[in-house]
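**Q** Sharing a structure here in structure tokens format.
The values are calculated or read from the model by the stated rules, or taken from the named source; none is laboratory data. All figures in this text were calculated on a predicted structure; none of them were measured in a lab. Counting neighbours? That spans all protein chains shown, and the Cβs are built from the backbone with ideal geometry, glycine included.
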Amino acid sequence: MAEVQVKEDSGKGGKVRSKKQSTRVDMTPMVDLGFLLITFFMFTTTFSKPNVMDLGLPAKPKDKNQKPPDTEIKLSNSISIIIGKDNKIFYHQQDQQGLNDQTLMETNFDREGIRKVIEQAKANAADKDLFTVIIKPTDDAVYKNFVDILDEMAITKNERYGVTDIKPWELAIYKKKVGEQ
Amino acid sequence: MTAMCDVAFLLLTFFILTTQFKKPDVEQIKPPSSISEKLLPDASLMTINVTPNGVFYFQPVENAAERTQVLDNMGKKYGVTFSTPEKVAFSKVQAIGVPMSQLKSYLNLPEEKQKDFKATEGIPMDSTNKQLIDWVQQSLAVNPNYKLAIKGDVTTKYPKVKSLFEGLRDIDFLKFWLITSQEGKN
């Protein structure tokens, strides 16, 4: 490695030569530095790209008078998730008449919390293929909660879900629950 | 030793050439975590940053020629004309966090000052003034293949994000990405 080939002395000249110096160069520090840089660049390339998740929104109806398609979903086939303040999360499977303090249940974002709830509701659904999760973030929710729920949808492999505004009657019960009213 | 050294330096050259350094962020934004393992593709991407305070930044596509076109379109729409130095400054800018009325003075700032600039109001995005949506729309007018990524902070209030989503629905731009960090990394 990096040695200079020194021509053999032909022996003719009678010049006095100084003692031959070794031409080997110690390459260890250079190689060390090389590997250090490799490690550095390897780490920076792999981790600089952020992850993304897809989000598709439903199109808005073009014509104001055009009624949106009848999307009434059977209550037993759906679950409404209300994202509240301070990372609180509520769920119910009721309509306006059935919803009250008792039927609006609270859970949390843990593995044992909302994921279990969704899985159970799905298992009890009459038609599992049509099981729909309706996500209703309140104005108190933060972006993280919203992403967490979308993430939960990916984990539980629920492809049928919708994000919509909270209904006034749900909001009233929710406010009661968190003690704002 | 020689062979190893050769390979090592070959790798080194490769990594040096392929690395793209992350540009410094305008403002610290910590994206929420998710299980998604999909990586952000870098093909003509525009990014909307939402800070914890709900301030919007718009990051146009990298391509300088197309950027200038976007600026022209926006200028036309808001009745602002930009000089050549301003256009050059715009093609270099990292992200915009000012309303159209202040964009001209922002672009005239020296580069170091632009870096230190902290937006107080960001790009307006409410029911009456949807400049952010206009940025997206004008970019799409230049090239309809642009993709949009939204980067929000963990503590960003949901109504801010909702207004953005609603605005995007208004212009029928329905597919985009949310930037997240890998679960377990923070």
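**Q** B:PRO85 passes all but one of (1) away from chain A (no Cβ under 14 Å); (2) surrounded by 12 or more Cβ atoms within 10 Å (Cβ to Cβ); (3) out of contact with any Asp or Glu (no Cβ under 6 Å at 6 or more places or on another chain); which number fails?
**A** (2)
**Q** Now, a different point. Considering only the range A:96-117, I want to know if a residue exists there that is under 20 Å from the mean Cα position of the chain (by Cα), at pLDDT 80 or above and closer than 25 Å to B:LYS38 by Cα.
**A** Checked the range A:96-117: at least one residue is under 20 Å from the mean Cα position of the chain (by Cα), at pLDDT 80 or above and closer than 25 Å to B:LYS38 by Cα.
**Q** Identify, from the list B:LEU12, B:LEU103, the residue that is buried (at least 19 other Cβ atoms within 10 Å of the Cβ), at pLDDT 80 or above and within 12 Å of chain A (Cβ to nearest Cβ).
**A** On the way: B:LEU103 fails: within 12 Å of chain A (Cβ to nearest Cβ).
None of the others qualify; the one that does is B:LEU12.
**Q** Could you list, in sequence order, all residues of the range B:139-162 that are assigned to a helix (DSSP H, G or I), surrounded by fewer than 18 Cβ atoms within 10 Å (Cβ to Cβ) and more than 8 Å from chain A (Cβ to nearest Cβ)? Walk me through it before giving the result.
**A** To start, the set of residues in the range B:139-162 that are assigned to a helix (DSSP H, G or I) comprises B:139-142, B:158-162.
The next check asks that each one be surrounded by fewer than 18 Cβ atoms within 10 Å (Cβ to Cβ); those that pass are B:140-141, B:159, B:162.
If the condition is that a residue be assigned to a helix (DSSP H, G or I), surrounded by fewer than 18 Cβ atoms within 10 Å (Cβ to Cβ) and more than 8 Å from chain A (Cβ to nearest Cβ), then B:LEU140, B:ALA141 are the ones that fit.
**Q** Separate question: If B:GLN94 satisfies all but one of (1) in contact (Cβ under 8 Å) with a residue 40 or more places away in the chain; (2) within 14 Å of chain A (Cβ to nearest Cβ), what's the number of the condition it fails?
**A** The failed condition is (2).
**Q** Same structure again: Scan the range A:150-164 residue by residue and report those that are in contact with a strand residue (DSSP E or B) (Cβ under 8 Å, 6 or more places away or on another chain), surrounded by 13 or more Cβ atoms within 10 Å (Cβ to Cβ) and within 11 Å of another protein chain (Cβ to nearest Cβ).
**A** Residues of the range A:150-164 that are in contact with a strand residue (DSSP E or B) (Cβ under 8 Å, 6 or more places away or on another chain), as a first pass: A:150-151, A:153-154, A:158, A:160-164.
From what is left, the residues that are surrounded by 13 or more Cβ atoms within 10 Å (Cβ to Cβ) are A:150-151, A:153-154, A:158, A:160-163.
Listed by number, the residues that qualify are A:LEU150, A:ASP151, A:MET153, A:ALA154, A:VAL163.
**Q** Hey, can you tell me all the residues within the range A:146-181 that are part of a loop (DSSP other than H, G, I, E, B) and free of Cβ contacts under 8 Å to residues at least 12 places away in the same chain?
**A** The first filter runs over the range A:146-181 and keeps only residues part of a loop (DSSP other than H, G, I, E, B), leaving A:156-160, A:164-167, A:178-181.
Result: A:LYS157, A:GLU159, A:GLY179, A:GLU180, A:GLN181.
**Q** Output the number of the condition that A:ALA123 fails; it satisfies all remaining conditions of (1) in a helix (DSSP H, G or I); (2) of a type outside the set (D, E, K, R); (3) in contact with a helix residue (DSSP H, G or I) (Cβ under 8 Å, 6 or more places away or on another chain); (4) away from chain B (no Cβ under 14 Å).
**A** (3)
**Q** Of the residues that make up the range B:30-52, is at least one away from chain A (no Cβ under 14 Å), crowded, with 19+ Cβ neighbours inside 10 Å and farther than 19 Å from B:ASN129 by Cα?
**A** Pass one, the range B:30-52, residues away from chain A (no Cβ under 14 Å): B:44.
Adding the requirement that they be crowded, with 19+ Cβ neighbours inside 10 Å leaves none.
The answer is no, given that none of the residues of the range B:30-52 is away from chain A (no Cβ under 14 Å), crowded, with 19+ Cβ neighbours inside 10 Å and farther than 19 Å from B:ASN129 by Cα.
**Q** In the range B:122-138, is there at least one residue being away from chain A (no Cβ under 12 Å), small (Gly, Ala, Ser) and within 15 Å of the chain's Cα centre (by Cα)?
**A** Looking only at the range B:122-138, we keep the residues that are away from chain A (no Cβ under 12 Å), and these are B:122-138.
Then keep just the ones that are small (Gly, Ala, Ser); that gives B:122, B:127.
Among the residues that remain, those that are also within 15 Å of the chain's Cα centre (by Cα) are: B:122.
Among the residues of the range B:122-138, at least one is away from chain A (no Cβ under 12 Å), small (Gly, Ala, Ser) and within 15 Å of the chain's Cα centre (by Cα), which makes the answer yes.
**Q** Let me spell it out: the conditions are (1) outside any helix (DSSP H, G or I); (2) of a type in the set (Asp, Glu); (3) closer than 23 Å to B:LYS92 by Cβ, and B:ASP172 meets all of them except one. Which number is the exception?
**A** Single failed check for B:ASP172: (3).
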